[in-house]
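All remarks here apply to the structure that follows.
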Amino acid sequence: MQSNIKKIGVMTSGGDAPGMNAAIRAVARACSYYNVKCVGYYRGYQGMIEGDSVELTARSVKNIVSKGGTILKSARSLEFKTKEGRKKAYENLTEEGVEAMILIGGDGTFTGGMIFSKEYDIPVIGVPGTIDNDIFGTKFTIGYDTALNTVVEAIDKIRDTASSHNRLFFVEVMGRDAGFIALNAGVGAGAEEILIPEEDLGLERLLESLQRSRRSGKSSSIVVVSEGDKIGKNVFELAEYVTENLPDYEARVSVLGHMQRGGKPTCFDRVLASRLGVKSVELILDGQTNVMVGVSDNKLLVTSIEKAVKGKHTINKELLRISDILSV
Ligand code: F6P
């Protein structure tokens, strides 16, 4: 370890994600292991601006590895987008003696970090935490696996009632502009159709596919709709359009919403968060800055924050083909 850094700050920002607490714990414990002080900032950048912080010790992060949400709370700070806001944040860090920051969040968080570390000479390390999985430089983000399992469980339940009533269900899932949750949970739950922003299926093809399902003897169907899909209608309009054109179908809509962000993290997310959290501290102590730590092929991968923000994590389109075959 090359650096003399004695105090590291950590925060969670943007949409919360299950496993963020496991990452905070890993950061605090790695700091303790390497004899470095650790400070947690509440509500992301807003807490840095307000100097709202708490000392994190190895013991103060006990029993949080299994907890959903984030003990440091989260926010999307508008003030940090201003020069004055960032100046206040820097002054607070300096006053507190914090010499480097670990930012747990998504691309909005990393964009803020990139600007901050360019303006002020302070090392920042990104840890990808978002259920959307839409970050370049990592195969998986913290929280994504838990969200997938939550969605699959919800769709399994919807399937029971869909099948009892011979209904067609449109299930809207989160993901912002990316279809990772819809695509993977859709295949996992055996959805008949999956609508994602990366591939516009088109309304005609959707109708044809649903007609085909009927003809093949299916009495109920599930269409998973990603919130960012580009079909041109929201999930309620879509259900209406389909029932107008296919009056045989009785359709219902279920918007899963924020339940996808809650709950205990899966073992996968806990392990991922633990690995990324420890590595983020080690990167700082190795003198690195402006990088994000991710995972690929089960190995830790370090990418510049700039690339993480500007690059595009692409979905596996092969899964669409698999879904088509399996919904025959
Ligand atoms: O980025 C996580 C996410 O849950 C997205 O999937 C969703 O579009 C957005 O956050 C919702 O944000 P909010 O909780 O601010 O409504």
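The values are calculated or read from the model by the stated rules, or taken from the named source; none is laboratory data. Keep in mind the model is a prediction, meaning the values are calculated, not measured. FYI the Cβ positions are ideal-geometry reconstructions off the backbone, even for glycines, and counts take in every protein chain you see. For the accessible areas, the whole protein counts, side chains as well, though only heavy atoms, and no ligand, DNA or RNA atoms are used. Shrake-Rupley method; radii C 1.70, N 1.55, O 1.52, S 1.80 Å.
Please tell me if Gly15 is farther than 16 Å from Leu285 by Cβ, in contact with a Lys or Arg (Cβ under 7 Å, 6 or more places away or on another chain) and open to solvent by 10 Å² or more (accessible area, probe 1.4 Å). Yes; evaluated as a whole, the condition is true for this residue. Can you tell me which residue among Lys264, Lys230 is farther than 14 Å from Val152 by Cα and modelled with pLDDT under 95? Exactly one residue qualifies, and that residue is Lys230. In the set Gly97, Gly108, Gly85, Gly113, only one residue is within 16 Å of the ligand (Cβ to nearest atom) and not hydrophobic (A, V, I, L, M, F, W, C); that residue is Gly108. Being closer than 16 Å to Lys317 by Cα, more than 16 Å from the ligand (Cβ to nearest atom) and crowded, with 19+ Cβ neighbours inside 10 Å is true for just one of Ala191, Ala182, Ala178, Ala162. Which residue is that? Only one candidate passes the filter, namely Ala191. Scanning segment 139-147 turns up no residue that is in contact (Cβ under 8 Å) with a residue 40 or more places away in the chain, assigned to a loop (DSSP other than H, G, I, E, B) and of a type in the set (A, V, I, L, M).
Gly112 fulfils the conditions (1) part of a helix (DSSP H, G or I); (2) touching a Pro at 6+ places or on another chain (Cβ under 7 Å) except for a single criterion, (2). For segment 206-218, the count of residues that are open to solvent by 10 Å² or more (accessible area, probe 1.4 Å), within 19 Å of the chain's Cα centre (by Cα) and either modelled with pLDDT under 95 or within 16 Å of the ligand (Cβ to nearest atom) (or both) is zero. The number of residues in segment 27-48 being under 19 Å from Lys73 (Cα atoms) and small (Gly, Ala, Ser) comes to 4.
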